[in-house]
Amino acid sequence: MPAPRFLPVFPGRLDVPGDVLAAHAQPGPRYTSYPPATQFHDGFGAVAAARELAAIGTAEISLYAHIPFCTQLCWYCGCNVEATRDRSRGAAYVDLLLRELELLTAAIGARPRLVELALGGGSPNFLETRDATRLIEAIRVAFAVADGAAIGIELDPRDTRPEQIDALAGLGFTRVSVGVQDFDEDVQRAIHRIQSATQTRAVIERARARGFDSVNVDLVYGLPGQTPASVGRTLDEVIGLAPDRLAVFGYAHMPHLRPHQRLVERAAPVPGIAARVELLRVVMDRLADAGYVRVGLDHFARPDDPLARASASGQLGRNFQGYVVQRTERLLGVGASAISDSGHAYWQNHVDVETWSDAVRAGTLPVARGVALDGDDELRRFVIMRLMCAGRVDFAEVEAAYGVSFASRFAPELAALAGQHDALAAVDNERGAVIATPLGHHLIRNVCAVFDRYARPGGSGSPSI
Ligand code: SF4
């Protein structure tokens, strides 16, 4: 992939009228992949995945391991998770993860170089230390872990013991992502997630004391009961924790897919689009005032953080975990529901833990669905990821990478952008680029949808603001 020749900038403040933004909010994919996961189908299974794996050899990869357990269910949760207090489930699950790693490396037939490892969930801290240790040791056998590999974990501060953090540091973890969402007590009751700032601070301080060099905090706007004032107080509290990065997601209320989400409606209505915009405005103002740089659509980082530097130098990437420092384009996922990306195909493991377990026990790759990219998908993915990461795409880099004339190949899309009532992106023929306007940066998913051949008006997904 050629290096881009521009400096990407997403505006750090919501400097456009709220009603205009609200008018453009539309459901759609978050473009953590292209084609979006809605295009995965069960015609792509274990045999097709094995073919992709065999082509990896000793290339560099990222690995994601999904731990699908939490001790209780947050009512806003949109993750693939099972609520249980039975810790023995974690041990049995790791037994099967180890078996899946064997299946994976047998299909690869080599020992790839691992440059990034992430444990997510669910709550990876659900695992007892002995089980986390077994998992990391097996990963180090299966893959050649590069010096300086980025090794991170998601932690739930409500359920993480200090000794666990010490053990994780001993296993080589240096990055931690901490879920907060909101510190307001009414909001926490509404979403069934009671978590004090003191608990959160204890986990962050312990991790830093044990050598973790990157702390991310996750926040959510658009939750029931949130007001601009309450969100402002949460931001003040969070900024006081001095995270290196923040990921701030709009709440995706989709009770038709996640029935438990109806429970959040008990305490207060879910804010509408206009209210969401004002909540996001507070978030962005507070973070900009505190010196954080916006990275892509929904991440923020200290200016000297590697993620901010990657954004400034055009090395930002995007995968199922959001925006990342692009180290490799190959991502392998293990565990129930985990998604892999070979560069030419995506595939997802069975979401249901029992179905995933049965497949692994039977000695087959536990693949439920996927999609192989054709040439047009790969070209459009390049364009869409450039827009998501940089807010612009230069014709020349597309033409150099794919040998097409951008203006000819995308004539209908360029005409559609030019015909928009409120311009979301300008077509700069002189410089040869599609460049998002200030409004379009905030609605970058709408701009991407113009280049998405699978996009349908009124499609599914979370609102674009
Ligand atoms: S801790 Fe995270 S994964 Fe677990 S239930 Fe809550 S939101 Fe879902």
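Using θ = phi - 60° and the Karplus form 6.51 cos²θ - 1.76 cosθ + 1.60, what ³J(HN,Hα) does each residue of segment 103-119 get, whole Hz, x for Gly and Pro?
With the stated coefficients, segment 103-119 comes to 4, 5, 6, 5, 5, 6, x, 7, 10, x, 8, 8, 10, 7, 9, 9, 9 Hz.
Kindly write out, for segment 137-151 in residue order, the coupling ³J(HN,Hα) from the Karplus curve 6.51 cos²θ - 1.76 cosθ + 1.60 (θ = phi - 60°), rounded to whole Hz, with x marking Gly and Pro.
4, 5, 5, 5, 6, 6, 10, 8, 6, 5, 4, x, 4, 7, 10
Counting DSSP beta bridges in the chain, what percent are antiparallel, to the nearest 5?
Here the antiparallel bridges make up roughly 45 percent for the chain.
Taking amide H positions as placed in the peptide plane 1.01 Å from N, state which residues far from V295 in sequence (5 or more) or on other chains have amide H under 5 Å from it.
F300, A301
How high is the FRET efficiency from C79 to S313, r the C-beta distance, R0 35 Å, rounded to 0.05?
Efficiency, from the Cβ-Cβ distance: 0.65.
Which peptide among 410-416, 296-302 comes first, and what is the full order, when sorted by highest mean count of other Cβ atoms within 10 Å?
296-302, 410-416
How far is it, in nm, from the label point at S408 to the one at A288 when both lie 7 Å from their Cα along the line to the Cβ?
Output for this residue pair reads 4.2 nm.
Could you give the length gained on full extension between L171 and H344, defined as 0.36 nm per residue of separation minus the Cα-Cα distance, in nm?
Extra length available between L171 and H344 comes to 59.0 nm.
What nm value, rounded to one decimal, do you get for the distance between S88 and R140 when each label is placed 7 Å out toward the C-beta?
Output for this residue pair reads 2.9 nm.
I need to check one value: relative contact order of segment 36-372, counting alpha carbon pairs closer than 8 Å and at least 6 residues apart, in percent.
Dividing the mean separation by the residue count of segment 36-372 yields 22 percent.
No value in this document is a laboratory result; all are computed from the given coordinates. What you see is a predicted model, and the numbers here were worked out from it, not measured in a lab. Neighbour counts run over all protein chains shown; Cβ positions are idealised from the backbone, glycine included.
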